[in-house]
Amino acid sequence: MSTLVDLLIAWGALTAVLIILLIYRSTLTMHEDDQLFLSEGNSQLEQEQHEVMRKVNRISPFVRWIGAASGVMILGIAALAIYQGLNQPQ
């Protein structure tokens with residue numbers, strides 16, 4: 001049972017990191033626009049928009065990998081719990 005609890009704690013920590021990254025990404029994209037119609041005098045806004053997109057693009061692979069790892073880990077934990085339950089003496 002200790003192995004299962006340790007895995008659940010590790011999964012919880014991994015999922016917490018994933019949630020933090022998702023919240024950070026959503027705060028970055030909260031004020032992002034799909035299209036910007038800027039004049040020459042508003043180049044500052046264009047630079048800010050490019051900076052936001054650069055940050056979002058930088059954390060996107062981490063969100064994908066950590067999300068996949070969290071999903072695989074919870075499936076492994078479920079399989080281990082079922083295996084231990086079936087092999088437990090009655």
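Relative to the longest principal axis of the Cα atoms of the chain, the long axis of helix 43-86 lies at roughly 10 degrees. Helix 2-29 and the long axis of the chain differ in direction by around 10°, with both axes built from C-alpha atoms.
The Cα-based radius of gyration and maximum Cα-Cα distance (Dmax) for the chain are 20.9, 77 Å.
Can you compute the helix-only [θ] at 222 nm over the chain? Use -39500 (n - 2.57) per DSSP H run of at least 4 residues, normalise by all residues, nearest 500 deg cm²/dmol. Could you put the intermediate results ahead of the total?
On the way: 2 runs with 72 residues, N = 90.
The helix-only estimate for the chain comes to -29500 deg cm²/dmol at 222 nm.
The gain in end-to-end length when the residue 23 to residue 82 segment is fully stretched comes to 18.0 nm, 0.36 nm per residue minus the alpha carbon separation.
Quick check for me: using +1 on Lys/Arg Cβ and -1 on Asp/Glu Cβ, what's the dipole size of the chain about its Cα centre, in debye to the nearest 20?
Details: 5 positive and 8 negative charges, 104 e Å.
Charge dipole, the chain, about its Cα centre: 500 debye, nearest 20.
Multiply the residue gap between residue 69 and residue 6 by 0.36 nm, knock off their C-alpha separation, and tell me the result in nm, one decimal place. It would help to have the intermediate numbers written out before the result.
Numbers: separation 63, 0.36 × 63 = 22.68 nm, distance 1.59 nm.
Here the answer is 21.1 nm.
The value of relative contact order for the chain, using C-alpha pairs under 8 Å at least six residues apart, is 50 percent.
Every number in this text was worked out from the coordinates using simple rules, so none of it is lab data. Fair warning: this is a prediction, and the values are worked out from it, not measured in the lab. Methodologically, a virtual Cβ is constructed for each residue, glycine included, from the backbone with ideal geometry; neighbour enumeration extends over all protein chains shown.
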